[in-house]
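Every read-out reported here was derived from the displayed coordinates using simple, explicitly stated rules and does not represent laboratory data. Bear in mind the structure is a predicted one, so any value in this text is a computation, not a measurement. A quick note on method: Cβ atoms are made from the backbone with ideal geometry, for glycine too, and the neighbour counts reach across all protein chains shown.
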Amino acid sequence: MTNKPVKLPEAGQWPDKVAPWALLAGIVLSTLGFLMAFLYAGPVNGAAVDGVELIGGQMVANKLLLSQKIFYFHMPVALVSFCALAFACYYSVRFLATKNQRFDTCAKVCMEISLVFVICTMITGDLWERFEWGVWWTWEPRLTTYLILMLIVIAYFVLRNAIDEPERCGVYAAVIAIIAMVDVPICFMITRLIPSSVHPVVLREGGMSGDMGMTVAVCLAGLLLVGFALYRFRFRQVRLQERLQALKDEVEVLEERR
Amino acid sequence: MARKQSTGADRARAGQVALSVPSTFAQYKTLLAKDLQQEFRTKEMLTSMGIYALLVLIVYGAALGQTAQATDVLQLSGGLLWALIVFTSLLGLNRSFNHEKEQGCMEGILLVPMDRSVIFLAKATSNLLFLLVVEVIAVPLFWFFFLTTAQPGPGFMLMAVPLAVGTVGMAGIGTLLSTITVNTRGKDVMLAVLFVPLIFPLLYACASPTTAVVVGAEGYLDVFTQSMALAGGYDVIMLLVSWVLYDFVISA
C-alpha cells in the first residue's frame, strides 16, 4: 500500500465557484433546447400504426406527432440519471477503498441527484407512453428495468435510514450503489438485446436527422450542467452541515473540559 | 502427511507450536457442515419454509379456483410458481443469519483467519440447498393441487433448468443482502425492499422459460434458450459482484 495522500472533495473549491454559472448556463441551454424542440426541430412521424387506431381519443393512421417533442427531454434526462448513478458507483468504490466518510457523502449526494433525474425520466416517459402507445403503463423490458432501477435507488435511501452507525451505513450503502450500477448497462442494452420491445431505439431506427440531433445535444448539455450544479450545491450544503456539526462537537468537548 | 507430522513433532521438540493451515476447501466444508448439522438438529428452516410454501399454495387455491379452463392455469403456473419461490426464499433468507447473530456465532467465525468469501460461498450453498429441498416438495404439490387435469407441454421436465438457475442466483444475492439487513432496523421489510428489485431481472428471465415449457406452444425452445442465456448471464454477474463485495459487508 502506498501512503499517497487522498485528495478529498471539499466545499468551497473551484467547482463551487463554477457551479452558479453552470446552473445559469444549464437553465439557458435547456430553455433554448425547449424552444428548439418546438420551433427548430421538424415534427416526426409517429410509430407506424397498423391500419387505424384510437390514440388519445382520436382515430389515427399516421400522424405528425407533437407528443414526440417530449423525446428531447426524456432521453437527455435519462442519460443524466445514468451519469449520476455512475458517479455514485465511482464514489462508492472510492469509499470502500479508503473508508473515508467524505466519499460516502459524495455517493449519497450523487444518489439523491440521480433519484431526481430518474423520477423526471419516469414522468416524461409516462407522458410519451400515454399519447404514443395509448396506455399508462406496459410491462415492456426497458420500462421494467428502469422501474427496477428507480426502486433500487429508493431502496438505497430506505437502507441508509435503517442503520444508525455511520461507518456501517456507508459500507452497506456503497455495496448497494455498486450493485445498482449492474442494472444500468442492462437497462441501457435491453432494447438492443430484445429487439421485439416497443421502446424505440434511436440508433437502430436510422439515427436522428441533423436538426433533431442538434436539439438533443443542446438539451443534453443543458441538463448535464444543471445536474452538475445541483450536485455541487447539495454537496456544499451537506458538507457545511457536517463541518458545523464537527465544530459543535468540538465546542462541547472544550466546555466540558473547562 | 507423515512428513508434515514429523516436522511438526520436530518443531514441538524445539519448543515451537506447529500450525497447519487447513485448505480453503476444508474451511468451506466445515462451515457448510455446521449449517447443515444445525438444520438437521432443529429442522427450523425447512419446516417453516415448507409450511409457508404450502400455505401460499392454499392461498393460490382461492385465486385459481375461479379460472374456468385448465389452459388458463397452465399459462399462469410459471409466474405463480416463481412468486411462491420468491416469498419462500425471503422467509428462509431472513432466518439464515438470525441465529448466527443471536447466538454470537458470527463473531466466532470472523475470528478465524480465513478468506471472507469462503463464508459467503458456504452460506450461499446452504441457502441454496434449503431452497432446493423446499422446491422439490413444493413443485409436485403445485402440480397435485392445480395441474392434474391440465395437459402440460412435451418438454415440461425442462423447467428444472430455470428453477435451478434462478435458485442459484437468488441464494447468491440473497446471502449478501441478508448479511446486510440482519444489522438494520426492521430487517424483514428491509430484505424484501432490497431483494425483490435486485432479483427482478432474474425472476423475469426465469418465469418466461418456465411458462414456455409448461405451456409447450410452438417454438417454445427459442424462448427457453434466449431467456436462459439472460438468466445465466445475470447469475454470473451478480454472483461475482456479491462474492467480491462480501468481504466489505461482513467486516463492517
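Couple of notes before you dig in:
- Ranked by how many other Cβ atoms sit within 10 Å of their own Cβ, fewest first, the residues B:THR175, A:THR138 fall in the order A:THR138, B:THR175.
- Separation of the stretch B:160-225 and the stretch A:108-181, taken as the distance between their Cα centroids, equals 19 angstrom.
- Euclidean distance between Cα centres, the stretch B:49-109 to the stretch B:127-153, Å: 12
- Dipole axis of the stretch B:22-251 (+1 Lys, Arg; -1 Asp, Glu on Cβ), positive-most option in B:ASN98, B:TYR220, B:ALA160: B:ASN98
- Counting only alpha carbon atoms, the long axis of helix B:24-42 and the longest principal axis of chain B meet at about 60°.
- Computed from phi, the 3J(HN,Hα) profile of the stretch A:85-98 under the Karplus parametrisation 6.51, -1.76, 1.60 (θ = phi - 60°) reads 5, 4, 5, 4, 5, 4, 5, 5, 5, 4, 5, 5, 6, 9 Hz, with x in place of Gly and Pro.
- Among A:93-106, A:241-254, the order from most to least packed when residues are scored by Cβ within 10 Å on average: A:93-106, A:241-254
- Against the rule of thumb 2.2 N^0.38 Å, how large the Cα Rg of the protein assembly as shown comes out: 1.16
- Between helix B:2-13 and chain B: long-axis angle, C-alpha atoms, 0 to 90°, nearest 10: 40
- Above 26 Å, the calculated P(r) of chain B contains 47 percent of its Cα-Cα pairs.
- The GNM of chain B, with springs linking C-alpha atoms under 10 angstrom apart, assigns the highest mean-square fluctuation among B:LEU129, B:LEU19, B:LEU203 to B:LEU19.
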